[in-house]
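The structure under discussion appears below in the form of structure tokens.
The values are calculated or read from the model by the stated rules, or taken from the named source; none is laboratory data. Quick caveat: nothing in here was measured; it's all calculated off a predicted structure. Every residue, glycine among them, receives a Cβ derived from its backbone with ideal geometry; neighbour counts consider all protein chains shown.
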Amino acid sequence: MANHRTKISASDPDLHFRVSMDVLETVDYLEARGEPVTPDTLYQRLQSPPSGDPTITVSRIEQGLLQVQFWREQFITRDIVHHRHHLAALACQVQGEIWRLQQYQYYFDDLLRHTDALLKTGVTSRARPWFRRRVEA
């Protein structure tokens, strides 16, 4: 069976950055829950659906952990990592609000459809001769 995936080299900077960002987000999540942060727990988290990325290996996770540690230790990047954490939290809140507003939108659209159906029924019944006789009487 042929594998048509493009080969990803270990030195691919985009892959290294993506894995480092995945590790950073997962580390933040685990630390917030008070769970241990180890390469194995990160691997289990990053391999579970929906991410389940086959390019993520334990050695890449270890490299990502080193990168996250470096970012957190450096004066300049420490603040950036901190602000990124807040931005990610705000993005989650906005996503939740969008979902809530979509639920409202669905509810109001449904109400409008039912209201329009009632009005349409009323318009067609006014056009009937028996309705005009009742109104005139």
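None of ARG84, ARG78, ARG60, ARG100 is part of a helix (DSSP H, G or I) and modelled with pLDDT under 90 except ARG78. Taken over the range 16-48, the criterion of being more than 23 Å from HIS83 (Cβ to Cβ), touching a Leu at 6+ places or on another chain (Cβ under 8 Å) and not charged (D, E, K, R) is satisfied by PRO36, PRO39, THR41. The condition of being touching a Lys or Arg at 6+ places or on another chain (Cβ under 8 Å), surrounded by 10 or more Cβ atoms within 10 Å (Cβ to Cβ) and either within 21 Å of VAL27 (Cβ to Cβ) or at pLDDT 90 or above (or both) does not hold for ARG132.
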